[in-house]
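**Q** Here you go, one structure.
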Amino acid sequence: VERSLRVLDGALVILDGTRGVEPQTMTVWRQLQKFRIPRMIFLNKFDRGGRDLDMCLNSIRDHFEVEPILLTIPRSSGTHTEQKNSFEGVKSTLQSESSRMDIMETLALFSETLESEFLGTGLSTASAERVLGDVKHVMGRTDTIVPVAVGSGLTGVGIAECLDLITQLFPSPLQVLRKLPSLLRHELVAVVFKSTYDKVRGVVNQCRVYSGTVRSGSKIYCVRSREVYLVGKILRPMADTFETIREAHIGDIVILTGCKGLATGDVILDPSWVEKHLDSYQAMINDNRVLNSPLNFTLPLFFLQGYHTHNRRRKEARACPC
């Protein structure tokens, strides 16, 4: 999980609306904090009986030690813990002026600028766009708040509203360009975050493109091995299917085939650019936090060694080059 989290621009943490925060969720949350990834929480299964919005919010405060900012609420004909047929949909809290004021008052606790403005003018006319902008601003500067939306993944209720909030609150992939060295902002820069073996395609490498464009059939340079590889196919994962594309751009997460020498954590550059900057490119990579983020691999719990019982077969296995 940690290998994949490091290349994300934002993470949507999904909680069970009837259970709140669970132990495994806390593990993933700590990993998200490690890489300072913007987070948003979606309270799922609100079409079921036994859901409890207040319990979920208190669970977030107690376990994550953050203040939840509720941006959508269930529209129901009864209380939050009653039968499932009382759930009729969701509505935005930003539609109500009093709710917007409550959100701004909470944000002012974590921002000195908003606090002084809130105490001075009261922000009595804060629009929905202004509130969302301030939520995004505080999210980028502190880990003490988290936006929260509710809905049901089974029925699709609240999903569209949640996706709208994601596009408005999470940073754009273009913002990562400012964190790269100036000489690399218009060149190919990608990071391999997972290498696996596919029965059909052989060794495949999942990578995130931070800058530039990688094309099928083009050459790429691996910083670790200092070797040049020829890209085979470029696949865009779509759940359990793959779409073949000709090129990948900034922000894309794709799968590269044909590059057997790549490994997890490798940085990919344009070979022609490397030739022009042989003396400086290695220092750029080592000093950059985005490209040189170390991975900590957990040691295995046990080791297993297999061998042939027949002596001749054992000698053949030892002589095998693999």
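The values are calculated or read from the model by the stated rules, or taken from the named source; none is laboratory data. Just so you know, these numbers come straight off a predicted model, no measurement behind them. No Cβ is skipped: glycine too gets one built from the backbone with ideal geometry, and neighbour counts run over all protein chains shown. Side chains are part of the model used for accessible areas, which takes the heavy atoms of the whole protein and leaves out ligands, DNA and RNA. Shrake-Rupley method; radii C 1.70, N 1.55, O 1.52, S 1.80 Å.
**Q** Run the quick spin-label model on Val274 and Thr27: label points 7 Å from Cα toward the beta carbon, then report their separation in nm to one decimal.
**A** Inter-label distance under the simple model: 3.6 nm.
**Q** With Cβ to Cβ distances under 14 Å as the rule, what net charge do the other residues near Cys162 carry (K, R +1; D, E -1)? Mind showing how you got there, number by number?
**A** Values: positive: Arg39, Lys45, Lys91; negative: Glu161, Asp164.
After counting each charged neighbour, the total is +1.
**Q** Round to the nearest 0.05 the FRET efficiency obtained for Asn58 and Ser98 when R0 = 25 Å and r is the Cβ-Cβ distance.
**A** For R0 = 25 Å, the calculated efficiency reads 0.70.
**Q** Probe of 1.4 angstrom, ligands and nucleic acids ignored: what's the accessible area per residue over the range 195-241, in square angstrom?
**A** On the way: 2690 Å² over 47 residues.
Solvent-accessible surface per residue comes out at 57 Å².
**Q** If you take the C-alpha gyration tensor of the range 116-240, multiply each eigenvalue by 5 and take the square root, what semi-axes do you get, largest first, in whole Å?
**A** Semi-axes, largest first: 40, 22, 11 Å.
**Q** In percent, how large is the relative contact order of the range 101-214, given Cα pairs closer than 8 Å and 6 or more residues apart?
**A** Relative contact order of the range 101-214: 16 percent.
**Q** Let me ask you something else. Say the cut-off is 30 Å between C-alpha atoms; which of Lys179/Lys199; Lys179/Lys276; Lys34/Lys194 go over it?
**A** Checking Cα-Cα distances, Lys179/Lys199 exceed 30 Å.
**Q** On to the next question. Thr142 versus Arg36, label points 7 Å from Cα toward the beta carbon: distance in nm?
**A** With each label point 7 Å from Cα toward Cβ, the separation is 1.6 nm.
**Q** P(r) for the range 184-275, please, calculated from all Cα pair distances in 10 Å bins and given in %.
**A** Bin by bin from 0 Å, the calculated values are 18, 58, 22, 2.
**Q** Given charges of +1 on the Cβ of Lys and Arg and -1 on the Cβ of Asp and Glu, with all other atoms neutral, how large is the dipole of the range 90-232 about its Cα centre, in debye to the nearest 20?
**A** Here the size comes out at about 1220 debye.
**Q** With viscosity set to 1.002 mPa s and temperature to 20 °C, compute the Stokes-Einstein D of the range 226-290, Rh being the Kirkwood radius across alpha carbon pairs; µm²/s, no decimals.
**A** For these conditions, the coefficient is 154 µm²/s.
**Q** Starting from the residue with the highest accessible area, list Asp279, Asp266, Asp54, Asp240 in decreasing order, probe 1.4 Å. It would help to have the intermediate numbers written out before the result.
**A** Numbers: Asp279 160, Asp266 5, Asp54 90, Asp240 135 Å².
My answer, sorted largest first, is Asp279, Asp240, Asp54, Asp266.
**Q** At 0.36 nm per residue, and after removing the present C-alpha to C-alpha distance, how many nm does the segment from Ile14 to Leu183 gain when stretched out fully? Walk me through the intermediate numbers first.
**A** Details: separation 169, 0.36 × 169 = 60.84 nm, distance 3.84 nm.
Full extension from Ile14 to Leu183 adds 57.0 nm.
**Q** Give me the percent of the accessible area of the range 158-220 that comes from carbon and sulfur atoms, probe 1.4 Å, all protein chains in place.
**A** The computed percentage sits at 53.
**Q** Once both labels are modelled 7 Å past Cα along the beta-carbon direction, what's the Ser172-Met238 spacing in nm?
**A** Rounded to a tenth, the inter-label distance reads 2.6 nm.
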